[in-house]
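The values are calculated or read from the model by the stated rules, or taken from the named source; none is laboratory data. Please read these numbers as outputs of a predicted model, since none were measured by experiment. Positions of Cβ are generated from backbone atoms using ideal geometry, with glycine treated the same way; all protein chains shown enter the neighbour counts.
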Amino acid sequence: MATMQRRAFVKRGAAVGGGLAVMGPLGALSAQTAHGAPPERVSGYGPLVLKTDGQNALMLPEEFDFITLDRQGTPMSDGNPTPGIFDGMGAFRGRGGRTILIRNHENRERPGETPVVVPDPYDPTTIGGCTKVVVRRKGRGRPTKEESFAIIGGTSTNCAGGVTPWESWITCEEVVKRGERKHGYNFEVDAEADEPVEAQPIRAAGRFAHEATVFLDGILYQTEDRSTSQGGALFYRYVPDDRVRRAGELAESEGVLEALKLKDEFRADMDVSRVVGRRYDVEWVRIDAPDHDDDTDSTPIATRFQGQEKGAAVFDREEGAWVGDRRVYFDCTSGGKAGFGQVWEYDPKRETITLIFESPGPEVLDFPDNVVIVPKTGDIFLQEDSQGDQYVRGVTRDGRIYDFAMAVNNTTEFCGGCFDPDGDILYLNQQGERGGGVDGPPDKNAVTYAIFGPFSRRRKDRSRDDRPDRGRDDGPPREDPGREGAPDDEGAPGGVPNRDGPSAGRGGDRGNRPKGGDDGGSDALEDPGAGDAPADEGAPGGVPRRR
């Protein structure tokens with residue numbers, strides 16, 4: 001987990017409002033700062049005030065409140081302690097008004113980690129995986145945790161991921177190495193399962209340092225977290241031979257893995273030589289050996305080097321991905337001339353890629369990672385992981401910035417942000433740090449918050465010094481009749497998985513690296529000889545009844 005650079009998180013419901021919901025805020029912010037002007041600050045939901053639930057404290061707008069929904073070390077329904085190192089997370093609609101959270105745990109087999117324990121782990125030598133948290137809410141009351149258990153285990157470095165239209169979560173291994181089995185895959189988790197599922201790698205989708213996924217029009221798009229100093233990252237798509245309709249079919253599928261290439265440029269440098277707003281025509285090159293045996297991820301057979309040999313475009317540390325207006329968006333956390341981040345748009349219909357935002361410096365955005373779209377306004381929430389205070393910042397559709405949340409008693413990174421199916425509750429993690437036993441280090445343990453309030457009532461066009469409207473400072477969110485001005489929903493409100501499935505929020509283990517430097521997620525380069533065990537197929541998991 002990094003503690004020195006800012007991060008942003010992506011919500012699985014990012015399709016809300018189409019491409020304008022993303023391009024609006026970021027495009028407007030880019031236009032404002034293009035000539036060196038500082039971004040304009042507004043009050044957003046009002047000044048931040050201290051809130052506490054008796055366990056933790058956050059600074060939030062006065063009309064918002066939160067509860068600590070879950071935390072590291074808490075006994076789960078399966079009798080095991082809740083693992084730490086919270087990361088990417090997706091929200092799904094459950095029965096009876098419940099919300100289902102599938103949460104990654106980015107264990108890297110390092111000292112001080114609490115393992116994800118399941119009866120039949122994919123690899124007994126690795127301790128990452130996911131937990132399922134079932135949240136119940138009576139009427140408009142506060143949410144409460146009803147159940148939690150480990151749902152998949154024996155994986156490693158479960159970082160970000162994405163949701164599918166059939167209500168499953170794809171959890172991504174951000175590492176290439178070998179224990180008793182090969183690692184470097186995506187795994188699918190059925191959100192409806194009420195017991196642990198057997199981990200089944202999606203081998204045909206490639207073996208590399210996966211970051212995030214989105215599913216659009218039958219194709220799985222994937223980002224890769226590798227820096228330019230590690231040979232760069234490619235943007236991939238996996239095209240199954242047959243239509244995929246339900247959980248488990250991706251792992252059983254056969255298909256073609258491809259990497260994006262500029263039509264008129266061989267091995268294009270997408271990091272420092274691109275113009276904001278310019279469209280580049282693209283084509284795709286096939287990866288001949290997607291499930292290679294290079295456990296170091298550094299030889300010519302490594303997936304990204306196979307693509308580069310055929311001219312694939314090279315990016316710097318791709319991170320989150322999301323879908324809007326039938327287009328795929330992804331960001332590069334340290335991309336651009338200044339090294340403070342880029343956001344790209346891929347248009348499948350036109351077969352073009354466009355740089356829609358590039359940060360000129362840390363005063364605008366500092367290492368953007370992922371984006372959360374606020375369903376009821378079309379704003380975006382950006383998360384910071386800075387050397388100082390940890391913030392969640394909002395960006396309006398006309399490019400103005402405001403503060404939404406600040407950490408108080410926990411100094412670790414915000415990550416995993418996603419909205420419930422109705423867009424009323426923001427579920428948000430602080431990742432925590434290693435050590436301190438099952439409960440984690442004091443004031444640095446992993447925690448999941450539920451933040452609620454009038455998300456539709458963000459103030460318009462006020463300076464950040466305006467005094468807040470006095471009103472509730474606690475309690476559940478009210479009904480929000482005033483949704484005028486909110487973008488139209490293209491089928492992906494904040495948590496309903498019946499859509500094209502943008503990736504969910506995540507954090508990362510990065511450190512304060514210079515541009516082009518190594519990345520904390522690069523365990524493959526730390527463990528070049530992680531054993532010689534043969535590859536082993538996982539067994540498909542069952543799909544029990546939904547809770």
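A few notes on this one:
- Screening region 156-180 for residues that are part of a strand (DSSP E or B) and of a type in the set (A, V, I, L, M) and picking the one that is surrounded by the fewest Cβ atoms within 10 Å (Cβ to Cβ) gives 170.
- Pair list, Cβ < 8 Å and 6+ apart or interchain, from region 55-75 residues that are among the β-branched types (Val, Ile, Thr) to residues that are in a loop (DSSP other than H, G, I, E, B): 67/53; 67/142; 67/143; 68/53; 68/55; 68/56; 74/82
- Unmet criterion (only one of (1) touching a strand residue (DSSP E or B) at 6+ places or on another chain (Cβ under 6 Å); (2) of a type outside the set (Val, Ile, Thr); (3) at pLDDT below 90; (4) crowded, with 17+ Cβ neighbours inside 10 Å) for residue 486: (1)
- For region 402-417, the count of residues that are farther than 20 Å from residue 41 by Cα, surrounded by fewer than 21 Cβ atoms within 10 Å (Cβ to Cβ) and at pLDDT below 80 is zero.
Conditions tested, residue by residue: (1) of a type in the set (D, E, K, R); (2) outside any loop (DSSP other than H, G, I, E, B).
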| residue | (1), (2) |
| --- | --- |
| 198 | yes, no |
| 212 | no, yes |
| 223 | no, yes |
| 237 | yes, yes |
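- Just one of the listed residues (327, 317) is of a type in the set (Lys, Arg) and more than 24 Å from residue 183 (Cα to Cα), and it is 327.
- Which listed residue, of 237, 245, is more than 23 Å from residue 340 (Cα to Cα) and at pLDDT below 95: 245
- Residue pairs meeting the criteria (Cβ under 8 Å; at least 6 apart or on separate chains; first closer than 15 Å to residue 353 by Cα and surrounded by fewer than 20 Cβ atoms within 10 Å (Cβ to Cβ), in region 249-278; second hydroxyl-bearing (Ser, Thr, Tyr) and at pLDDT below 95): 276/30; 277/354; 278/354
- Filtered residues of region 295-346 (kept if touching a strand residue (DSSP E or B) at 6+ places or on another chain (Cβ under 6 Å) and either polar (S, T, N, Q) or free of Cβ contacts under 8 Å to residues at least 40 places away in the same chain (or both)): 333, 342
- Selection of region 203-227 for residues being in contact with a helix residue (DSSP H, G or I) (Cβ under 8 Å, 6 or more places away or on another chain) and surrounded by fewer than 24 Cβ atoms within 10 Å (Cβ to Cβ) yields only 203.
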